1. Of Val142, Cys97, Gln128, whose Cα points farthest to the positive end of the dipole of the stretch 96-152 (charges on the beta-carbon: +1 Lys, Arg; -1 Asp, Glu; origin at the Cα centre)?
2. Picking from Ala266, Pro205, Thr305, whose Cα lies most toward the positive end of the charge dipole for the chain (charges on Cβ: Lys, Arg +1; Asp, Glu -1)?
3. Mind putting a number on the dipole of the stretch 1-154 about its Cα centre? Charges go on the C-beta only, +1 for Lys and Arg and -1 for Asp and Glu, and I need it in Debye to the nearest 20.
4. GNM on the chain, C-alpha springs below 10 Å: top fluctuator among Pro268, Pro205, Pro68?
5. Which value at 222 nm does the chain reach when only helices count, each DSSP H run of 4 or more adding -39,500 (n - 2.57), with the total divided by all residues and rounded to the nearest 500 deg cm²/dmol?
6. Can you give me the % of accessible surface on the chain that is carbon or sulfur? Probe 1.4 Å, all protein chains present, nothing else counted.
7. Given a 1.4 Å probe, how much area per residue of the chain is accessible, in Å²?
8. Under the classification rounded if a/c is under 1.5, otherwise prolate if a/b is larger than b/c and oblate if not, where does the stretch 206-262 fall, given a ≥ b ≥ c as square roots of the Cα gyration tensor eigenvalues?
Amino acid sequence: MSLDDIPADPPVRYAEQALLGALLLEPLRIKTLGSLGPEHFSVAMHGALFAAMTALTPPAPEVHAREPVWITNLLERARPHARGLTAPYLHTLADSCPEPSHAPAYAQMIVANRTRLTIRAAAERLIQAATDPVLPDPAAHVLHRTDAVAAVLDDLGGLFPSHPGSLPRTTLPPPPTRDIGVGSDAGGEEQLLLSTVAARPACLPEMMWLRPEDFAVPLHGVLYRCMASLAYRGDPIDAVTVLWEAQHHGLITSGATAKEVLDLLATPAGSPEHWGEQILQRSLLHHAHTTGLHIHAYTNDPANTPHQLITGSRRALADLGAIRARWRHATRPPAARQPRAQPAPASRAGPPAPRPATPAGSPRAFR
């Protein structure tokens, strides 16, 4: 590695130097820094020096002006925790401070940088949970990590005042690619669900929590939408009627053949609710992974203020809330599930006429 390959110091490094320099020049200003702590510093030596400053009693201004008591005491206390700390470096810090009275502003910059890193770490833990293939209960673990991100945002939200234009303008990465290769569990379970629902369509009203967009394979999602359309109209559902409906959805003309559709629906097995929960869980993990990547992207954009980071991250978590609610509905005990009442709209003329409730598997529920 050449000298040109060494990355430049980030702005927060200069903020730390300016703050420590201000406290070396005017020690009593440490009382104006609020909740700033050693853990907020990005450089370990700076954190150790600040810890020494908070542990010692600042000298009176007249004593500080004529004797190097403050410098001597700081070196003695901080050196065991920062071996590279020297008296010349303290002079460098003092020279790095443009104005000691600006110490609270420098402290706020340091807290803002720590806020960015804290949110990034929470997002990374969410991403790890969403992509860990060996967790015994991945959905529960991901939801726990989601709650942890929300708690971090709540804790940090009160540190920074809101202001106009608070949404980040970061270009977000595309959603991660889902595993739909030959022999993948996702594709196989989706096919089993479609086959089983085609053979036993009475399960559809109890599976209103599943959406076509939950499917990893787009073809499977369209076929599930076809089944929902048939159920909404009260039409019979089997492999042939689904094939005919798929034709009206443009599936046959877009690459899939009639035989391929019939083959997909030819192997019913197991419980459709079980396959549906597996599909929904994968969709939940996929959305959590996407949410974590979006929050991580916000933290990687230095143009975002702390308030923009918090606001954008909360918006990302809110987008995850809908599928989280459907997961809870799908996995709650059967005794707790209540059928959803559908209001009967009034006719255009004459008194309102009673009409049957909209089937729970209607396409409206899948949009």
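The values are calculated or read from the model by the stated rules, or taken from the named source; none is laboratory data. Source: prediction; values computed, not measured. Every residue, glycine as well, gets a Cβ built from its backbone with ideal geometry; the counts of neighbours run over all protein chains shown. The protein model used for the area step is the full one, side chains on, heavy atoms only, and it has no ligands, DNA or RNA in it. Shrake-Rupley method; radii C 1.70, N 1.55, O 1.52, S 1.80 Å.
1. Among Val142, Cys97, Gln128, the one farthest towards the positive end of the dipole of the stretch 96-152 is Cys97.
2. The listed residue farthest towards the positive side: Pro205.
3. On the way: 12 positive and 16 negative charges, 54 e Å.
For this selection, approximately 260 debye.
4. Checking each option, the largest mean-square fluctuation is seen for Pro68.
5. The per-residue figure over the chain is -18500 deg cm²/dmol.
6. Working: 11150 of 19380 Å².
Result for the chain: 58 percent of the exposed heavy-atom area is carbon or sulfur.
7. Numbers: 19380 Å² over 367 residues.
For the chain, the solvent-accessible area averages 53 Å² per residue.
8. Working: a/c = 2.07, a/b = 1.19, b/c = 1.74.
Oblate, since a/c reaches 1.5 and b/c is not below a/b.
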